[in-house]
Amino acid sequence: MAKAETPKAIRGTQDMLGEQVERFQHVVSTFDRVRRLYGFQRVEIPVFEATAVFARSLGETTDVVSKEMYTFEDRGGDSVTLRPEFTAGLCRAYLTEGWQQYAPLKLATHGPVFRYERPQKGRYRQFHQLDAEVIGAAEPQADVELLALADQLLYELGIADGVTLQLNTLGDAATRDAWRGALVAHFEKHRGELSEDSLARLERNPLRILDSKDPRDRPVADSAPGIDAHLTSEAGAFFEAVIKGLDAAGVAWTRNDRLVRGLDYYRHTAFEFVTDRLGAQGTVLAGGRYDGLIEALGGPHTPAVGWAAGIERLAMVIEAPEAEKLDIVVAVEDDRATARAFKDVACLRRSGLMVDIIATGSARKRYDKATKVPAKSILSYVVREGLILTGFHGDGETVDRAKRLLPIEAHPVA
RNA sequence: GCGAUCGUAGCUCAAUUGGUUAGAGCGCCGGUUUGUGGUACCGGAGGUUGCGGGUUCAAUCCCCGUCGAUCGCCCCA
């Protein structure tokens, strides 16, 4: 029979073990702890939705919809899509589950998301996000609270120093239209100085020229008009309130008036927490206010604001957390003690101690193996003159606890 | 979709300008030493050098293709 060929992992997926998992878990558990401090409740939503949920929310950026989503037809012929983000699904749930009665809702969730993209540093096809949203709150306090949550999360992950909060406003609809007009006029005037990529952007998505990485674009992008001159008084007041709130809450930020969002339903606050330690994929947490999204999903006008953070990117930036140690590792150095040892191990585990046992392979090497297992203490079993003897080594507190649970006298070999 | 770099044992890496039987450490398995201990030694298993062509007396090494990985571009909800 021909040797079976091992199927390979799908491009852009990850298998995690050891330190990678420790890092991942540390990010998630820190998020779960901090989110409670702010009264954000955990929600669960599906990993896939009707394609319309995301297609509608992504509007006219057809590139993203057609090329970058994992879209399939199910057996009934319906088009379904693996979630590329949490926000649209949460908004759908808000509308279809009657969650409007609880508004304003502070929600938190985390899990896998999927984007059909070419993998690179900090970028995968199945990756994982933390997500926090406030749905049904029009006030700038919601933006501030959400940013404070993000800020504290990064602080407690120990990476606040290496990350900066870049803040901008996209204004309201009127502001945005006026600014966009001024930008297009500016870029049209300097067509000749723009890169080919940016000339294409000028047609599809002119705001994106502002954050172009092409050095040829920088002079034109840097000299482009900012949004401030076009802010309506309402939009200006909103941004002011956010800034004042951040300062009051002690959240450090820097203005980046080149920071934009591609989609029209984004209003007012836009922000990104950025690190320089991840190469080209330095954005570690990003979000903004999306007052127009729920209407785009066929719901009533509903103001909302939220953010998402890449768990893998955060996990790469933090210090390695200390691996969890077992309380005891048992080394059975004589096969005649095996039954006794397993009995004791069962007792210890039922008492809530984390215990592993080494009872296979060369008997005389089992102690050496045990010393390599991350554990607070070692319990060894040997046989002398027909008696099973036990020996403890390591952390005193753990040893004392185990000694109280186990019979200390030597047992004859059965 | 485009570009650059890289694919040798389970892992990290060697192998002279192309040269004969592709090595080492770690890990794994077995044995010896030690015997309240993380030591040292001996032995073993494990490779179609990613895959397929080509050049050559001879290819891990050079060339082409392909697959995969990494990093970047595009995109970034």
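The values are calculated or read from the model by the stated rules, or taken from the named source; none is laboratory data. For clarity, every value in this text was computed on a predicted model and none was experimentally measured. Note that each Cβ is placed from the backbone with ideal geometry, even for glycine, and that neighbours are counted across all protein chains shown. Ligands, DNA and RNA are stripped out before the accessible areas are found, and what is left, the full protein with its side chains, is counted by its heavy atoms. Shrake-Rupley method; radii C 1.70, N 1.55, O 1.52, S 1.80 Å.
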Q: Excluding A:ARG208 itself, calculate the net charge of residues whose Cβ lies under 12 Å from the Cβ of A:ARG208, where each Lys or Arg counts +1 and each Asp or Glu counts -1.
A: 0
Q. By average Cβ neighbour count within 10 Å, what is the ranking of A:33-45, A:88-100 from highest down?
A. A:88-100, A:33-45
Q.
Over all directions, the average projected area of the alpha-carbon convex hull for the stretch A:326-412 comes to how many nm²?
A. 5.0
Q: Multiply the residue gap between A:ALA249 and A:ALA410 by 0.36 nm, knock off their C-alpha separation, and tell me the result in nm, one decimal place.
A: 51.7 nm
Q. Taking one equal scatterer on every alpha-carbon of chain A, how large is log10 of I(q)/I(0) by Debye at q = 0.06, 0.09, 0.12 1/Å?
A. -0.37, -0.70, -1.00
(Q) Need one number: nm distance between label points at A:ALA200 and A:GLN100, each 7 Å from Cα along Cα→Cβ, rounded to one decimal. (A) 4.1
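Around A:VAL27, with a cut-off of 14 angstrom between Cβ atoms, what is the net charge of the other residues, counting Lys and Arg +1 and Asp and Glu -1? Write down the numbers at each step before the final one.
Working: positive: A:ARG23, A:ARG33, A:ARG35, A:ARG313; negative: A:GLU19, A:GLU22, A:ASP32, A:ASP131, A:GLU156, A:GLU312, A:GLU319.
Neighbourhood net charge equals -3.
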Q) Per-residue ellipticity at 222 nm for chain A, helices alone: DSSP H runs ≥ 4 residues times -39500 (n - 2.57), over residue total, nearest 500 deg cm²/dmol? A) -11000 deg cm²/dmol
Q) With a sphere of radius 15 Å drawn around the Cβ of A:LEU157, what net charge do the other residues whose Cβ falls strictly inside it have (Lys, Arg +1; Asp, Glu -1)? A) -3
(Q) Taking all protein chains in place and a 1.4 Å probe, what share, in percent, of the accessible surface of chain A do carbon and sulfur account for? (A) 51
Q) How much length is gained if the chain between A:ALA346 and A:LYS67 is pulled fully straight, taking 0.36 nm per residue apart and subtracting their Cα-Cα distance, in nm to one decimal? A) 95.1 nm
Q | Kirkwood-based Rg to Rh ratio, the stretch A:188-310, C-alpha trace | A | 0.98
Q.
Two decimals, Cα atoms only, Kirkwood Rh: what is Rg/Rh over the stretch A:341-388?
A. 0.97
